[in-house]
Structures are given as C-alpha cells and as structure tokens.
Amino acid sequence: MTSRFRLTVIYAVPDFDRWAAVLAAADQEMDGVERMTVHRSIEDPNEVMVELDLRSEADARGVLQSPRLRGFFDQTGVEVYPPVFIGEVQDDLST
C-alpha cells in the first residue's frame, strides 16, 4: 500500500548522538507508520528532519497525540515541541 500522508518535523536536538541512541532503543512500531526516515543537516549536525509516511490522516493525528512521542522528546532533551507539518500527497512528480 502506498502512503498518502506524511508527517514532517524539523528541529534542533541538544546532542545528536544521545538523540539517535534513544531513537534506536525505542525501535518500536507506531500504529499507522509505514516508513520513517531520519535526515541530519549538513550545516548543523544537531538539526534533524524526521519524516513519517502514514496510511491515514487519523494515523498522523494519533502519532501527534501519542504519549510515546512526548516521552521521546523529553528523553532526548528537546525542550520546545517543534512545529509539525502533516500533508496529504497530491502528486508524485518523480515519474
């Protein structure tokens, strides 16, 4: 099944290595998440972009409301919850 919704978050982390270790330790599937990609900025090694491909808008909203997400931010030292973009795929221009 092709994901129709994407949740994207770009934010600074206090310590990338700590952040990545907590993420690796969590290694649990989240409901509705079909794929997760993590990008590290080439200009600022403590800035990340996380993208989640999701099955539905409800799944995306569920991730945002998840206590696990808030707990992850707390464990990794992220003090301000970052803005989140949720979008529905309208067109794939790669073909």
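Annotations for the structure displayed:
- Condition check for D31: free of Cβ contacts under 8 Å to residues at least 60 places away in the same chain, among the acidic types (D, E) and in contact with a helix residue (DSSP H, G or I) (Cβ under 8 Å, 6 or more places away or on another chain): yes
- Region 79-95 - residue that is touching a helix residue (DSSP H, G or I) at 6+ places or on another chain (Cβ under 7 Å) and either exposed (fewer than 10 other Cβ atoms within 10 Å of the Cβ) or aliphatic (A, V, I, L, M) (or both) and, of those, farthest from I10 (Cα to Cα): I86
- Residue match in region 18-27 (condition: more than 16 Å from T76 (Cβ to Cβ) and exposed (fewer than 14 other Cβ atoms within 10 Å of the Cβ)): no
- Within region 30-78, considering residues that are loosely packed, with under 15 Cβ neighbours inside 10 Å and of a type in the set (V, I, T), the one farthest from Q90 (Cα to Cα): I42
FYI, it's all coordinate maths here, none of it is from the lab. The shown structure was predicted, so the numbers you read here are calculated from the model rather than taken from an experiment. Cβ atoms come from the backbone with ideal geometry, glycine included; neighbour counts cover every protein chain shown.
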